[in-house]
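The block underneath contains the structure these notes are about, expressed in structure tokens.
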Amino acid sequence: MRKVTKFVQLTDTHIVREGELAYGVVNTAEYLERAVKVINGLLEYIGPIDGVVVTGDLADFGAAEEYQRFKELIKPLKFPVFVLPGNHDNREQMRTAFDFTNETGPLNAHVKFGDCHLITLDSLVTGSPHGLLTDKTLDWLKCELGELGNEPVSIALHHPPFVTGIGHMDRQRLRNSEQFLNIVAQHKGAKQVICGHVHRHITYFDKRCPIVISPSPAHAVALDHRENGPSDFTLEPGGILLHTLIPETRDYCFRSEFVPVSPFKGPYSFGL
Amino acid sequence: MSGTQIQLKSCSKTFPDGTRALSPTSINVSPGEILALLGPSGCGKTTMLRIIAGLESPDETGKVFFDDSDVTSIPIEKRSVGMVFQSYALFPNMSVRENIGYGLKIKKISTEKIRDRVDEVMALCQLEGLGERNIKALSGGQRQRVALARAVAPQPKILLLDEPLSALDAGLRDQLRDELAILLRSLSITTVFVTHDQAEAMAIADRVAVMQKGHVLQIDDPRKLYTAPDNAFVARFVGAANELSGRLNNNLFSLQGGSLQLPEGISAVSDDKIYVRQEAIKLIPPSESELKGKVLSSTFLGNSQKIVLSDVCERLVNVITDPFSKYEIGQEVGLLIQVEDILVLRDD
């Protein structure tokens, strides 16, 4: 029986050590706490969730204490949580802190949420802000997708494989986007690519695959399409994404929706 | 032997920027054979594996055959190959049994058939009794066997392994090397694996292809590679060899420490060098030998000892001998080298 699958994407939480603020300004732990409350609070309205994927930059400096703090903060989430590294993360610290099945090499994984395959890819280049998928990772992806036939798959990685228009972020995007998207294009079933890194909610419709970036629950990268715009951030309302895989008559479809985590008023009744 | 034959016909790989990862190469892998592609990084071994897998196309003239069918333009998912990556990623939220049966489930095979096949593969891979375990509860070696079991469950024609053991720490690697050798043999699937570790290649493979700079230098069974390497690169890569330099005059090879009588026919000593394996040199009293050296150091290795000699030729000479004989630093010793142990090699 095919069924609806729901999972939450959380990204760029940038957890710092207790008592510190990210960039001296942002209390990232408080935002994560809030996101966790929002996710748990949603359950009453949206029904069960199959899991959570965190698309990188869990920690701000990749320190062991930061991952411990992250794990403490997400403890109230009572479903499987899978993580992948971003440029602020440390691969080996993450391997130690979370359950990865491979003892060496990139932190790639293939998991399943309900009917949905989730392939998480490691695009971290140690010491650099930009992303790159190694040849071995691309080979592995090709093999995993090849085995899936037309089953639905969500492919998660930190660095977006497209240009967002924000210059300083685009300079540190995924370097081998074309190679990556050409492999994804070969998959015959329903598919989506989900990423983080840019701290904004952006969707992109490449003919090979729809791509969506999730905002961070904490700070946002300032919207600035000027060529040499400064690298600024704001505290505009952040959030998470709720991804739903829906079985339609012939195939599956993906639906992705923004859920804010900042406080707001309501609900009010439309009925008079 | 059951299984599928692999043939590469004149397969080369040139990248768009002009770099040549593989020079035109033709090899046959017999049904059921285990072939190792051995060499340092950048030698072309991974490119060759990727061409066999269908992850890479050879340059235009190259052809890949599985038995009689030309698979050159067939993508990996239709080639019926099982691939095990160095950094294998298993389903962390599934049991051992679910992991192994996964590929079969996707192929819509019936639950009973999946159960039977998974049982069979678990027995082959010595995973009996672990079926319900979570992947997280397994040791590194067990996980590796699950990765292998997952690859062979759909009964692939060809099994391909990319550095199968290098993800493991050294101690475990030695132990698993022998286990993997036995396991692969019992599967009787035509297998090609890539490694940079000569001990791994020699222990597991029926034949080893030693590669360097995009060329296969020699392809032979491990014993032959060791005892009769074609050139100095192979000799050094598959085990330590001493290079002795001297001058050949008729059949007499003269070195700093004396001379060696070479048999008739050994006349083509290139650059006046011969090669001898470390364990092929016996130490005898100096009075009994025409070739002498001085003990520079001795290192106890447990089941053997390593003696380093000076004054034999320009280079130091390493000798592996029994661990019990005592040698003093500075002591003069004689060298006994059997003629059949002398390797005459082309230079690389």
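The values are calculated or read from the model by the stated rules, or taken from the named source; none is laboratory data. Small disclaimer: the values here were computed from a predicted structure and weren't measured. Don't worry about glycine lacking a Cβ; one is built from the backbone with ideal geometry, like all the others, and counts go over all protein chains shown.
Of the residues examined, A:Leu157 is not one that is under 25 Å from A:Asn90 (Cα atoms) and within 13 Å of another protein chain (Cβ to nearest Cβ). All of A:Lys112, A:Lys75 fail the test of being surrounded by 16 or more Cβ atoms within 10 Å (Cβ to Cβ) and free of Cβ contacts under 8 Å to residues at least 24 places away in the same chain, apart from A:Lys112. Looking across the range B:190-205, the residues that are of a type outside the set (S, T, N, Q), part of a helix (DSSP H, G or I) and farther than 18 Å from B:Pro31 by Cβ come down to B:Ala199, B:Glu200, B:Ala201, B:Met202, B:Ala203.
Quick grid of which residues meet (1) outside the structural domain of B:Gln155 (by TED's automatic domain parsing); (2) part of a loop (DSSP other than H, G, I, E, B); (3) among the basic types (Lys, Arg):
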site: B:Ala89; (1), (2), (3): no, yes, no
site: B:Asn93; (1), (2), (3): no, yes, no
site: B:Glu98; (1), (2), (3): no, no, no
site: B:Gly103; (1), (2), (3): no, no, no
site: B:Ile109; (1), (2), (3): no, yes, no
site: B:Lys113; (1), (2), (3): no, no, yes
site: B:Asp116; (1), (2), (3): no, no, no
site: B:Glu120; (1), (2), (3): no, no, no
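Would you please name the residue that is surrounded by the most Cβ atoms within 10 Å (Cβ to Cβ), looking only at residues in the range A:121-154 that are under 25 Å from B:Leu159 (Cα atoms) and more than 9 Å from chain B (Cβ to nearest Cβ)? Going through the qualifying residues, I end up with A:Leu121. Here is a check on your reading of the model: is A:Lys71 facing chain B (nearest Cβ under 10 Å) and in a helix (DSSP H, G or I)? No, not satisfied.
Inspect all residues belonging to the range B:93-114 and state whether any of them is more than 16 Å from B:Thr191 (Cβ to Cβ) and under 26 Å from the mean Cα position of the chain (by Cα). No, the range B:93-114 contains no residue that is more than 16 Å from B:Thr191 (Cβ to Cβ) and under 26 Å from the mean Cα position of the chain (by Cα). What are the residues in the range A:223-250 that are within 14 Å of A:Met169 (Cβ to Cβ), in contact (Cβ under 8 Å) with a residue 40 or more places away in the chain and of a type outside the set (Lys, Arg), if any? Residues satisfying the conditions are A:Leu223, A:Asp224, A:His225, A:Glu227, A:Asn228, A:Gly229, A:Pro230, A:Ser231, A:Phe233.
Candidates are the residues of the range A:199-212 that are touching a Phe, Trp or Tyr at 6+ places or on another chain (Cβ under 8 Å) and among the aliphatic types (A, V, I, L, M); the one that is nearest to A:Val261 (Cα to Cα) is A:Val212.
Can you list residue pairs whose Cβ atoms sit under 9 Å apart, with the first residue in the range A:23-35 being within 8 Å of A:His219 (Cβ to Cβ) and the second being of a type in the set (A, V, I, L, M) and not in a loop (DSSP other than H, G, I, E, B)? Count only pairs 6 or more apart in sequence or on different chains. Pairs found: A:Thr28/A:Ile15; A:Thr28/A:Ala22. Report yes if some residue within the range B:79-95 is closer than 20 Å to B:His196 by Cβ and out of contact with any strand residue (DSSP E or B) (no Cβ under 6 Å at 6 or more places or on another chain); otherwise report no. Yes: the range B:79-95 contains one or more residues that are closer than 20 Å to B:His196 by Cβ and out of contact with any strand residue (DSSP E or B) (no Cβ under 6 Å at 6 or more places or on another chain). Can you go through B:Leu37, B:Leu55, B:Leu8, B:Leu49 and tell me which one is part of a loop (DSSP other than H, G, I, E, B) and buried (at least 20 other Cβ atoms within 10 Å of the Cβ)? That would be B:Leu55, the only listed residue that is part of a loop (DSSP other than H, G, I, E, B) and buried (at least 20 other Cβ atoms within 10 Å of the Cβ).
When only residues in the range B:206-256 that are hydroxyl-bearing (Ser, Thr, Tyr) and outside any strand (DSSP E or B) count, which is modelled with the lowest pLDDT? Out of the qualifying residues, it is B:Thr227. Would you call B:Phe253 over 20 Å from B:Ile337 (Cα atoms) and aromatic (Phe, Trp, Tyr)? No; evaluated as a whole, the condition is false for this residue. Within the range A:1-53, the set of residues being hydrophobic (A, V, I, L, M, F, W, C) and part of a helix (DSSP H, G or I) comprises A:Ala29, A:Leu32, A:Ala35, A:Val36, A:Val38, A:Ile39, A:Leu42, A:Leu43, A:Ile46. For the range B:116-139, the criterion of being over 22 Å from A:Thr96 (Cβ atoms) and within 13 Å of another protein chain (Cβ to nearest Cβ) is satisfied by no residue at all. The condition of being of a type in the set (Lys, Arg), within 13 Å of chain B (Cβ to nearest Cβ) and out of contact with any helix residue (DSSP H, G or I) (no Cβ under 6 Å at 6 or more places or on another chain) holds for only one of A:Lys207, A:Lys112, that being A:Lys112.
Residues that are β-branched (Val, Ile, Thr) and either buried (at least 16 other Cβ atoms within 10 Å of the Cβ) or not in a strand (DSSP E or B) (or both) within the range B:290-300 comprise just one, B:Val295. Per this entry, B:Ser287 is counted among residues that are hydroxyl-bearing (Ser, Thr, Tyr) and part of a helix (DSSP H, G or I). Which of (1) within 14 Å of chain A (Cβ to nearest Cβ); (2) touching a Leu at 6+ places or on another chain (Cβ under 7 Å) does B:Glu98 not meet, given it meets every other one? Going through the list (1) within 14 Å of chain A (Cβ to nearest Cβ); (2) touching a Leu at 6+ places or on another chain (Cβ under 7 Å), B:Glu98 breaks only (2).
Screening B:Lys157, B:Lys108 for residues that are basic (Lys, Arg) and at the interface with chain A (Cβ under 10 Å from one of its Cβ atoms) leaves exactly one candidate, B:Lys108. Checked against (1) surrounded by 15 or more Cβ atoms within 10 Å (Cβ to Cβ); (2) at negative phi, B:Asp116 passes all but a single condition, namely (1).
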